[in-house]
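> The following block contains the structure, expressed as structure tokens.
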Amino acid sequence: MITVKGRVDHVVVVGAGLAGLSATLHLLGAGRRVTVVERESGPGGRAGLLESGGFRIDTGPTVLTMPDLVEEAFAAVGDKLADRLELIPLDPAYRARFADGSQLDVHTDGAAMEAAVEQFAGARQAVGYRRLREWLERLYRVQMRRFIDANFDSPLQLAHPDLARLAALGGFGRLDARIGHFVSDERLRRVFSFQALYAGVPPARALAAYAVIAYMDTIAGVYFPKGGMHALPRAMADSAAEAGAAFRYGQTVTRLERSGERVTAVVTDRERIPCDAVVLTPDLPVTYRLLGRSPHRPLRLRHSPSAVILHAGTDRTWPELAHHTISFGAAWKSTFRELTRTGQPMSDPSLLITRPTATDPTHPPPRHHHPNGEAPGPHTDGGPGG
């Protein structure tokens, strides 16, 4: 990121997903005039909505963490999250089921989780969990204030005492090994390391610093907006519109006009929008194409794994499933090798099954349910058909 110098009165934000909407609210709070351009007919981006047969089905994320960041975005325009949306904390955050038939409910409350771990894997593992929780909290504090909630104009700004603190915490070791330093039970190691796949990296290869994602999931808490995940971008867009943002839905950005190093206009398939600056939130390949640039790196970018998702609308339910149930297959290391290296579908799948009606029964038609199942898969560019 480079700090923009000079006039920035009018900013065009490309993309009305969660990133674009958050940027819009913060820019409005800073006194900027903002125009949001979105190719779809409404806000949401990846957090989309499918309406069919009376069902309202979230087509994007099912896990909402760190709601304080959302609160900050609303607060930028003098709004409150609680006035726009009801967030329901999930307990358990996940239900983990394993190939040997065992099951563990993952609680964000420390005492409840320690008791669950002791019953699941014994007193020694419960002590290890307590130490792991303390380590995750310290890791989060070091990373959040300096490396996550921060902007950088230069890599040199990374040189800070917190970098040494992160190293002292073992943040530059390997994630799986570091989790194993606290809990030796393989099932528990999976519960606190699978999150690395969110970033497209196997736990055995990911830096231990990625454990901060496990902190967000298993300590900070998981939430569900009443009405579904799409209710969040809808509420953010409503707040932004009331604060003065202009939305251009159904328009695709085709190019950027420049004067020197500055973007002076965003051109869509329907109009030209003059501006002083632009915020791009589409996928990285689209962003590079619009900028007319490619990344300066010796190796080409590799896409992270994808997923196959099944959305179902039924008049049946499965009460043994929590809001989020992770069904781990017997295989582990070979699974990540298939997803990130060989480009093969998982031979022994692990699945995330979401049952939102466990939390919000008003979401589908009366007496109906819409579970969905997600299976990680290789990116199509790297798979056998890529």
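> Per residue, how large is the accessible surface of the chain? Use a 1.4 angstrom probe and give square angstrom.
In whole numbers, the chain has 50 Å² accessible per residue.
> Okay, moving on. Counting only residues 5 or more places away or on other chains, whose amide H sits under 5 Å from the amide H of V13 once H atoms are built in the peptide plane?
T35, V36, V37, V279
> Here is a follow-up. So which chymotrypsin sites (Phe, Trp or Tyr not before Pro) in the stretch 127-188 end up in coil per DSSP with only 16 or fewer other C-beta atoms within 10 Å?
F152, F172
> Continuing with the same structure: Mind checking the stretch 224-278 for GluC sites (Glu not before Pro) that DSSP puts in a loop (not H, G, I, E or B) and that have at most 14 other Cβ atoms within 10 Å?
On the way: sites: E242, E257, E261, E271; in loops: E261, E271.
In loop regions of the stretch 224-278 (DSSP not H, G, I, E or B), the sparsely surrounded GluC sites (Glu not before Pro) are E261, E271.
> Then there's this: Would you give the gap between the C-alpha center of the stretch 284-330 and the C-alpha center of the stretch 182-236, rounded to a whole Å?
13
> Can I ask one more? With a 1.4 Å probe and all protein chains left in place, how much of the accessible area of the chain comes from carbon and sulfur atoms, in whole percent?
Carbon plus sulfur share of accessible area: 51 percent.
> Starting from the stretch 314-382, pick out the GluC sites (Glu not before Pro) whose DSSP state is loop and whose Cβ has at most 11 other Cβ atoms within 10 Å. Intermediate results must be reported in sequence, preceding the final value.
On the way: sites: E320, E338, E374; in loops: E320.
Qualifying residues, ordered by number: E320.
> Relative contact order, percent, of the chain when contacts are C-alpha pairs under 8 Å separated by at least 6 residues?
23
> So what is the relative contact order for the stretch 228-386, in percent, with contacts set as C-alpha pairs under 8 Å and at least six apart? Can you show the working numbers first?
Details: 214 pairs, mean separation 32.1, N = 159.
Contact order relative to length: 20 percent.
> While we're on this one: Taking K80 as the anchor, which lysines have their alpha carbon closer than 18 Å to its alpha carbon, excluding any fewer than eight residues away along the same chain?
Candidates past the 8-residue exclusion: K226.
> Another question about this same structure. Work out the P(r) tail for the stretch 218-290: percent of alpha carbon pairs separated by more than 21 Å, whole number. Could you put the intermediate results ahead of the total?
Numbers: 1238 of 2628 pairs.
Cα-Cα pairs in the stretch 218-290 separated by more than 21 Å: 47 percent.
> Another question, then. Take each of the peptides 36-43, 224-231, average the number of other beta-carbon atoms within 10 Å over its residues, and list them starting from the highest.
The densest-packed peptide leads the list: 224-231, 36-43.
> Here is a follow-up. Could you work out the relative contact order of the stretch 179-248? I mean the mean sequence separation of Cα pairs under 8 Å and 6+ apart, divided by the number of residues, in percent. Mind dumping the intermediate values first?
On the way: 27 pairs, mean separation 12.5, N = 70.
Across the stretch 179-248, relative contact order equals 18 percent.
> Which value, in debye to the nearest 20, gives the size of the charge dipole of the stretch 50-144 about its Cα centre, when Lys and Arg are +1 and Asp and Glu are -1 at the Cβ?
Numbers: 11 positive and 16 negative charges, 88 e Å.
Charge dipole of the stretch 50-144: 420 debye, to the nearest 20.
> Further question on the same structure: Net charge near R270: determine it from the other residues with C-beta under 12 Å of the C-beta of R270, scoring Lys and Arg +1 and Asp and Glu -1. Provide the component values of the computation, followed by the final result.
Working: positive: R39, R248, R272; negative: D269, E271.
Here the count lands on +1.
> Tell me whether the stretch 235-348 comes out rounded, prolate or oblate; compute the Cα gyration tensor, take square roots of the eigenvalues as a ≥ b ≥ c, and use a/c under 1.5 as the rounded threshold.
oblate
> So what is the calculated 222 nm ellipticity per residue for the chain, using -39500 (n - 2.57) for each DSSP H run with n of 4 or more, over all residues, to the nearest 500 deg cm²/dmol?
Per the formula, -8500 deg cm²/dmol.
> If the only charges are +1 at each Lys and Arg Cβ and -1 at each Asp and Glu Cβ, what is the size of the charge dipole of the chain around the Cα centre, to the nearest 20 debye?
1220
> What is the stretch 71-168 by shape, rounded, prolate or oblate, if you read a ≥ b ≥ c off the alpha carbon gyration tensor as root eigenvalues and call it rounded for a/c under 1.5, prolate for a/b larger than b/c, and oblate otherwise?
Numbers: a/c = 2.94, a/b = 1.35, b/c = 2.18.
Cα axes put the stretch 71-168 in the oblate bin.
The values are calculated or read from the model by the stated rules, or taken from the named source; none is laboratory data. Because the structure is predicted, anything quoted here is derived from the model rather than measured. Here the Cβ is made from the backbone with ideal geometry for all residues, glycine too, and neighbour counts use every protein chain on show. These area figures cover heavy atoms from the full protein model, side chains too; ligands, DNA and RNA do not enter into them. Shrake-Rupley method; radii C 1.70, N 1.55, O 1.52, S 1.80 Å.
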